[in-house]
Amino acid sequence: MIRTDRIVIVGAGLGALYAALELAPRPVLMISPEALGDGASSAWAQGGVAAAMAASDSPEAHAADTVTAGAGTVDAEVAAMVTRVARDHILDLTSLGTPFDRAADGGYVMSREAAHSAARVVRVQGDQAGKQIMETLIAALRATPSAQVIEGALATRLETDGDRVTGVWVSSAGEPSGEVLISAPTVLLAGGGSGGLYAHTTNPPRIRGQVIGMAARAGALMADPEFVQFHPTSFDIGEDPAPLATEALRGEGATLINRHGDRFMLDIHPDAELAPRDIVARAIFAETQAGNRPMLDTRAALGAEVLTLFPSVAETCARAGIDPVADPIPVAVAAHYHMGGVAADQNGRTSLEGLWVCGEASSTGLHGANRLASNGLLEALVYARNAAADIAQALPQTEAAPVAVSFPDGGNAPDRQAVADLRQTMTDHVGVRRTASGLKTALRTIARLEDAHSDDPSFLNMTATATLIAAAALARTESRGGHWRDDFPAQNPDLAHRTLITLRDAMALRDAAAKDAE
């Protein structure tokens, strides 16, 4: 065991970096499985940060759009708070050196994305927002003496004393190793979502619900785990993870067509390609299931400009041998963002003492059943700052020496086939379209995989999150936002509220599903 007075931050994405900077000069210890800047979902975010920066826009309009997109389960107070401070975070990121796209008059170039009533997404070089913001924050962090980063370390479980978190167990993220307990006064979870639990995902390879599962296994209250957002337009080119064809392309006028050349969204929603993501995702999924090969057509809207305005898209097209100037881009639905996670109040506090959370691992009530485009990075920024301020108030100012960690021998290598089976199960039965029978099948399969690999704490974190998603989806007998039940296709007004659930609750539903099969 290693004792430290440093605040431990699990993760190294946007929320983790921003919180570490906000906490300075208080000493922090960041646990990062990859080299700093690698493997974080934040760096892959292409759209940008939503904020009412234009004189014609307002935080109130942004909040209203957030509530509407969230399909009846958004916490309106949270939406008002987050949108009210959004502008401040854009200005602060700008002062740190983030090169947001600017117009000739110095104003921010704004992009419109799905379900926004105005162009309010601040971009960097078209589709480079996440990458550029991360690079800016990493540069600032490296110049911050109070922040220590341990790279190549994977958090595996939380240490608790009753309802209080007292530390975090870590192992090597590379070769199998034993675990080391880092005892600390406070832990901030900022380690991403769960998209990688699905066979088709836009998330980095290591983002598979481990941080959410770790908190659940420690007894933390969870919220809205059934609400998973599937991005409508990932590249369908056989890559894992699937590269993202940013929604900003549709904001610029790109259309969705099938192999027959039909623009199928026109008959589905008045906003066509700019309909809420869940509606677009189900439409694309239906075209795929029907063998109609959905594609994103940028030719008329962007022409050759797609190559310069969207460099990530251009790079992926080149790698796949696609010329987007001449041909449409094949697309498929992929798990993209988890609206659910560890339940957090407006200060990022969880139900466990000594444990805070921010970013995609959290569920704050901002996103409801369906996240509004480009609100993800914004939420990470707002809650990283709120959590940092709350932690600073809760703890006395201290000095702390750097932490030296060496991992003991032991441990188990992840079973690749078990992970692959889990991911395929989630895609087949807990994906875009769900049924009671499919969800019960998923729960039984998750239980079987968990029993067979109970000696791997990282895998147990994955199965805990998978269990929460499937169990909450089984319990929500309606369709709402990112959660669609073929056997309950209508919304139920009585269920227009958030889900609050513990892993114990979810396990009870899983056990019941097992008995149904007997």
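Over all pairs of different C-alpha atoms in region 214-321, the reciprocal of the mean inverse distance, the Kirkwood hydrodynamic radius, equals 15.5 Å. Using 1/(1 + (r/R0)^6) with R0 = 22 angstrom and r between the beta carbons of L91 and D345, what's the FRET efficiency to the nearest 0.05? It comes to 0.30. Average 1/r across all pairs of distinct alpha carbons in region 46-94, invert it, and you get the Kirkwood radius: 11.3 Å. At the residue level, H497 shows approximately 90 square angstrom of accessible surface with a 1.4 angstrom probe and all protein chains present.
The fraction of all Cα pairs in region 357-472 landing in successive 5 Å bins from 0 to the largest distance is 2, 9, 14, 12, 13, 16, 14, 11, 7, 2, 1, 0, given as whole percents. The charge dipole of the chain, taken about the Cα centre with unit charges on the Cβ atoms of Lys, Arg (+1) and Asp, Glu (-1), comes to about 180 debye, rounded to the nearest 20. Here, the chain is characterised by an Rg to Rh ratio of 0.95, where Rg is the alpha-carbon radius of gyration and Rh the Kirkwood radius. Full extension of the segment from E315 to Q417, taken as 0.36 nm per residue of separation minus the current Cα-Cα distance, would add 33.6 nm. Which one, N347, T435, N386, is farthest towards the positive end of the dipole of region 345-461 when Lys and Arg carry +1 and Asp and Glu -1 on their Cβ? Positive-most Cα among the choices belongs to T435. Placing one equal scatterer on every Cα of region 83-156 and applying the Debye formula, the log10 ratio I(q)/I(0) at q = 0.13, 0.27 Å⁻¹ is -0.52, -1.34.
Ranked from largest to smallest solvent-accessible area, with a 1.4 Å probe on the protein heavy atoms, E450, E315 come out as E315, E450. Within region 1-151, all pairs of alpha-carbon atoms sorted by distance into 10 Å bins from zero give the percentages 11, 35, 32, 18, 3, 0. These residues, F488, F285, go from largest to smallest accessible area, 1.4 Å probe, as F488, F285. Principal axis extents of the C-alpha atoms in region 152-239 (largest first, rounded to whole Å): 46, 33, 16. The convex hull drawn around the Cα atoms of region 240-393, when projected onto a plane and averaged over every direction, covers 11.1 nm². Computed with the Debye formula from one identical point scatterer per Cα of region 273-314, without solvent, the log10 of I(q)/I(0) at q = 0.20, 0.28, 0.33 Å⁻¹ comes to -0.78, -0.91, -0.99. Using alpha carbons only, the radius of gyration of region 445-485 set against its Kirkwood radius gives Rg/Rh = 1.11.
The values are calculated or read from the model by the stated rules, or taken from the named source; none is laboratory data. Everything numeric in this text was worked out from a predicted model, so none of it was measured. Cβ atoms come from the backbone with ideal geometry, glycine included; neighbour counts cover every protein chain shown. Ligands, DNA and RNA are excluded from the accessible area calculation, which covers all protein heavy atoms including side chains. Shrake-Rupley method; radii C 1.70, N 1.55, O 1.52, S 1.80 Å.
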